[in-house]
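Reviewing the structure listed below.
The values are calculated or read from the model by the stated rules, or taken from the named source; none is laboratory data. Not measured: the values here are computed from a predicted model. Using ideal geometry, Cβ is built from the backbone for each residue, glycine included, and neighbour counts are taken over all protein chains shown. Quick note on the areas: whole protein, heavy atoms, side chains included, nothing else; ligands and nucleic acids left out. Shrake-Rupley method; radii C 1.70, N 1.55, O 1.52, S 1.80 Å.
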Amino acid sequence: MEIAFVLVKCETAHEMDVMRDILKIDGVKEAHGTYGMYDLFVKVVGQNHKVVSDIITKQIRKTKNVVSTTTLSTIPEQGGK
């Protein structure tokens with residue numbers, strides 16, 4: 001199982017629209033609004049790196065009103081609760 005966290009910048013005043021659209025994507029497990037440089041913090045889970053990469057590049061980045069994304073890939077051996 002591959003996990004990545006995606007930091008999303010949105011067009012101003014469209015944060016909630018983007019969050020609703022992103023939460024509809026298979027593989028997106030959580031999305032939270034944030035203060036600061038990024039507007040959303042999104043957790044993506046998939047079978048492998050390619051699946052997660054496709055979710056991010058082919059779906060999240062193409063979501064209407066998404067300006068940019070920054071992806072934080074996790075290290076499986078260093079995870080946990």
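Of the residues making up segment 28-53, those that are without any contact (Cβ under 8 Å) to a residue 24 or more places away in the chain and surrounded by 15 or more Cβ atoms within 10 Å (Cβ to Cβ) are Ala31, Ser53.
A single member of Ile60, Ile25, Ile56 is free of Cβ contacts under 8 Å to residues at least 40 places away in the same chain and open to solvent by less than 70 Å² (accessible area, probe 1.4 Å), and it is Ile25. A residue that is without any contact (Cβ under 8 Å) to a residue 24 or more places away in the chain and surrounded by 14 or more Cβ atoms within 10 Å (Cβ to Cβ) occurs somewhere in segment 8-22.
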